[in-house]
Amino acid sequence: MIASSLFHFTRDFETVTKIISGSKFRASYNIEDVSDFYPKEKYVAIPMVCFCDIPLKFISEHPMVYGNYGIGLKKEWGIGKGINPILYRTDSQINRYLEEIITATQYSPASSTGTFSQTVIKDNILRLSNYSKKYAADNIVNYLDREWRFVPSVAEMPFLKTRSQKERDKINNNYFKRDPDYISFGLNDIKYIIVPTKKEVKSLIESIQTLKMNDKDKFHLCQLIIDLNSIKKDF
């Protein structure tokens, strides 16, 4: 079944209210494993905003890893913003194709073919790989996320030798201090706002009432709130 919404999940109440009030998502760096196809490199840090393409009736199985607070937006909004479903990699020929192209451009003398230099080719291959992920890792089947991504087109993507939360926090702190990338939405692009419990539905309604917007928009947002417990029982 294909969903008509793209869901973004976060771990805390304050973040979801901040996203709603600002009508935008802030990109942040994730550290991705590219060792299966990128010669002599282990990890790369990629700025992104992640979404999942999961029907609402199955969404309660998803938030445990990414958080229990979510915003569901119209899929046509995401497509219009350049958000794209990712490719899930197994140990397959796809990895070999990527590795052979990267090796050919990385270790041969710099030259130009037509209007595309080897540097441009290598850079674009890396950026294409930003829209891919291992099918499974650390006993988790990533494929179940049905992930879509927004990746800024000009942001820096450093290679790393290790992957840790400390390293990720360091990169993101520097990114946020400089000029982080955002992706915006309109209130009419929102289809659902998800919180864990009915108690927090009430809390979110109270928070929305404090936002600087007209009463009609506040009423519209409040109608979109649903809790995970109700989803589990009724869908």
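The values are calculated or read from the model by the stated rules, or taken from the named source; none is laboratory data. What you see is a predicted model; the values in this text were computed from it and never measured. Backbone-built Cβ (ideal geometry, glycine too); neighbour counts: all protein chains shown.
Couple of notes before you dig in:
- Just one of the listed residues (VAL154, VAL195) is exposed (fewer than 14 other Cβ atoms within 10 Å of the Cβ), under 23 Å from TRP77 (Cβ atoms) and β-branched (Val, Ile, Thr), namely VAL154.
- Selection of segment 5-44 for residues being among the acidic types (Asp, Glu) and farther than 30 Å from MET213 by Cα yields GLU32, ASP33, ASP36, GLU41.
- Within this structure, ARG96 fails the test of being within 23 Å of the chain's Cα centre (by Cα) and modelled with pLDDT of 80 or more.
- Helices (runs of 4 or more DSSP H) wholly inside segment 165-235 that include at least 1 residues being closer than 25 Å to LYS81 by Cα and in contact with a Ser or Thr (Cβ under 9 Å, 6 or more places away or on another chain): 165-177
- ASP179 vs. criteria under 17 Å from the mean Cα position of the chain (by Cα) and either closer than 30 Å to ILE125 by Cα or at pLDDT below 90 (or both): no
- Taking each residue of segment 141-169 that is farther than 22 Å from ASN124 by Cα and looking for partners that are among the charged types (D, E, K, R) with beta-carbon atoms closer than 6 Å, six or more apart or interchain, yields ASN142/LYS133; ARG146/ASP53.
- Within segment 7-42, the set of residues being free of Cβ contacts under 8 Å to residues at least 24 places away in the same chain, more than 15 Å from THR162 (Cα to Cα) and basic (Lys, Arg) comprises LYS18 only.
- All positions within segment 32-68 that are of a type in the set (A, V, I, L, M, F, W, C) and touching a Phe, Trp or Tyr at 6+ places or on another chain (Cβ under 7 Å): VAL34, VAL44, ALA45, ILE46, MET48, VAL49, PHE51, CYS52, ILE54, LEU56, ILE59
- Subset of segment 204-231 that is surrounded by 13 or more Cβ atoms within 10 Å (Cβ to Cβ) and hydroxyl-bearing (Ser, Thr, Tyr) - its residue that is farthest from VAL65 (Cα to Cα): SER207
- In this structure, SER132 does satisfy being surrounded by 14 or more Cβ atoms within 10 Å (Cβ to Cβ), within 21 Å of the chain's Cα centre (by Cα) and small (Gly, Ala, Ser).
- Only one of the numbered conditions (1) modelled with pLDDT of 90 or more; (2) assigned to a loop (DSSP other than H, G, I, E, B); (3) under 15 Å from the mean Cα position of the chain (by Cα); (4) not hydrophobic (A, V, I, L, M, F, W, C) is violated by SER153, and that is (1).
- Only residues that are basic (Lys, Arg) and touching a Leu at 6+ places or on another chain (Cβ under 6 Å) were counted in segment 53-82, giving 1.
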